[in-house]
Each structure stands twice: as structure tokens, then as C-alpha cells.
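Read through the structure below, which is laid out as C-alpha cells, and then see the notes.
The values are calculated or read from the model by the stated rules, or taken from the named source; none is laboratory data. As the structure is a prediction and not an experimental result, all values here were calculated from the model. No Cβ is skipped: glycine too gets one built from the backbone with ideal geometry, and neighbour counts run over all protein chains shown. With ligands, DNA and RNA removed, areas are computed over all heavy atoms of the protein, side chains included. Shrake-Rupley method; radii C 1.70, N 1.55, O 1.52, S 1.80 Å.
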Amino acid sequence: MNNKISIGQYIPTNSILHRLDPRIKIISLVLMLVSLFLIPINSNLSSLIMLGSLLVISFILNLVAKIPFKKVIRGLKPLIFLLTFTFVIQLFTIKEGNPILNETLYLSFSSIGAILVLLVLYNVFKRGLPFRTILFFVIVFLVFYLQYLLPYGTIYKYQFAPTDEGIIRGLFLFVRIMITVLLTSLLTFTTMTTDLNFGFESILKPLKIIKVPVDVFAMMLSLILRYIPTLLFETDKIMKAQASRGLDFNESKLKDKINQMIALLIPIFLISITRSEELSDAMEARGYVIGQRRTRIDEYKISIKDILTLTFSILVITAIIFIRIKL
């Protein structure tokens, strides 16, 4: 498996989190995520402390699980653009609080030209540069700074007046999304697909009373989680194979990029069909029948460490609810 792919991967480190009952891990994850979204988005000190505490807890849990720090950060990289976009939107839309800046920015021929040159240089040289994530934030800053610096040939001008409340809310949403990714990734890092299937099926079992095919849904969910890294790995192999034949996905016209994407999607689609047929044959060969009761080699029992983990999650959500009510 390509080491660059972190979504949906299971990392066997035999930590205490790996040995927890999958049902407890899923319930604890839900409680932690509910706790996270119960924190009000504002600049109150109590809200910032609660959010900071959950961020620290998320990193501590990854350390306890012995997940490599690079793997954790790599899982956040695909969200950098989304997180930055969310932060910038908050700067422009939130007008509450005290203005930190009040400057006029210009969309002019000079600023647009400078921005285009900057973006071209960034795309040309970013592969060979270290700390590309930090460089991305620098580029975002320079895009706005160039609009301030180059008013010549003005097409449109606007006021950029970010407030302290807008910055805090932007950072709040930034950290909230980051915590969500850290916690959900931790579940797949520490739980095998078969255990996830068992956990989801056990938790959703009460829905069988109203004739919901819980076992089918649990199996579908576990297969989706399992095959995300598989399909990403196959995509990476196809892209490398096509690159070895002279195809460049980065330097081409829009029309060529569309043709390249079609050339990439067709083999991925065919591989997906082939994989699904092979999986179906393998499941039938092992006696899997939809709707029939299945036994397990390993039977899970709730232990003291599971009870302590669940108790900790309940205490976290209780404390956040209590603080929110008091506020």
C-alpha cells in the first residue's frame, strides 16, 4: 500500500486503543463529535478552552495509539484548501467585533497580472520546495497583499476590514474541522474493517425491530471504508504508469486535462467492477449469505478499559453541556 495514502488505512501498532472493543470506540467517537459541535462558535474564553482541550485530547489519543505524526498530518493535507477557504470566508462575512484592519484592496490589471505570475511560479516550483503547506499559506497572504500594493489600472475596489470576532470564528471552524478529521481517522487507524463491521452491526441492532437490514448496511459501510485506500492506490498506480509513458497531469491545456481525466477514470471504473466481482466470489466461497446469521472467531467482551473509555467520553460531553447551560 502506498505510504502516502492515509484515508481508511488500518495501522497495526497493538496500542491500548487498538485493543478496545470496536463498539466502545464507535460510541465514544460519536460522543466526542457531538461534544465538539456543542461548543458554541464565539470568542468567549470558555468556548476557546473547550475547543483547545478537545484538540489536545485528539493529539494525545493519536500518540497513545502510536500513530506516526507524519501519517496524522498527511491525513489533514487534502483539507488545507477547504480549511483556508472557510477561514477567508469568515473574514469577509463576519462584521461583529472590533476591526483589526480597514484597508482598500484593488482588483486591477497590475494586481491580477502579478497574482497570475505568482500562481504560475507556485505551480512550477512547488514540487521541489520543502514545507509546501506553509508555502501555500504564504501564497494566500501574498494574493491579498498584491491587491493592496498594486492599484494601477483599477477594475474594482473593495474594503477589507477583518474583525477580531471574524478571525476567532474562522480559526474556530478551522480547528473544529481538523479535530473531526483527527478523531474519525483515528477510528480507521486503530480498527480493522471486520471489527468496524461488527461494531456498526451491534450498535444498529435495535433497528432490526422495524425490519431495517442492519447487517447489510454495516457490511456496505465497512466495505466502503476498506476500498477507499484500495481505489486510491490503484489510481496512483495508473497515474504513474501513464506518466511513465509521457503523460503529464500538471502541465497541459484544459481540453487535454479533460481527456487525461477520461483516460484515468475509465481504467479505474473497470478496476472497480473487477474488484467487486472478485470480492463477491470470495464472499460466496466463504459462505456469506445476505440476511443469515454469522458467527465470529473472536467474540468481544466489555472490559474495564472499555468502561473507562466510555466513561471518559460521557464526562467530556457532560462537562461541555454543563458549561454551555451555565453560559
Within the range 252-273, can one find any residue that is among the basic types (Lys, Arg), open to solvent by 60 Å² or more (accessible area, probe 1.4 Å), at pLDDT below 80 and closer than 26 Å to GLU201 by Cβ?
no
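Run down LEU146, LEU105 and say which single residue is assigned to a helix (DSSP H, G or I) and either on the phi < 0 side of the Ramachandran plot or open to solvent by less than 30 Å² (accessible area, probe 1.4 Å) (or both).
Exactly one of LEU146, LEU105 is assigned to a helix (DSSP H, G or I) and either on the phi < 0 side of the Ramachandran plot or open to solvent by less than 30 Å² (accessible area, probe 1.4 Å) (or both), namely LEU146.
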Assess whether SER110 counts as being closer than 15 Å to PHE172 by Cα, hydroxyl-bearing (Ser, Thr, Tyr), out of contact with any helix residue (DSSP H, G or I) (no Cβ under 6 Å at 6 or more places or on another chain) and part of a helix (DSSP H, G or I).
no
Which condition number in (1) more than 28 Å from GLU201 (Cβ to Cβ); (2) open to solvent by 50 Å² or more (accessible area, probe 1.4 Å); (3) touching a residue at least 60 places away in the same chain (Cβ under 8 Å) is the one that LEU83 fails?
(2)
Among the residues of the range 55-91, which ones are part of a helix (DSSP H, G or I), over 16 Å from the mean Cα position of the chain (by Cα) and within 30 Å of LYS305 (Cα to Cα)?
VAL56, ILE57, ILE60, LEU61, LEU63, VAL64
Pairing a residue in the range 86-103 that is under 11 Å from PHE160 (Cα atoms) with any residue that is open to solvent by 90 Å² or more (accessible area, probe 1.4 Å), where Cβ atoms lie under 9 Å and the two sit 6 or more apart in sequence or on different chains, gives ASN102/GLN159; GLU103/TYR148; GLU103/GLN159
Any chance PHE69 is modelled with pLDDT of 85 or more and open to solvent by 40 Å² or more (accessible area, probe 1.4 Å)
no
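Scan LEU183, LEU231 and give me the residue that is modelled with pLDDT under 85 and either of a type in the set (A, V, I, L, M, F, W, C) or assigned to a helix (DSSP H, G or I) (or both).
Going through LEU183, LEU231 in turn, the sole match is LEU231.
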Log entry, pairs with first residue in the range 303-318 being buried (at least 17 other Cβ atoms within 10 Å of the Cβ), second being basic (Lys, Arg), beta carbons closer than 6 Å, six or more apart or on different chains, reads none
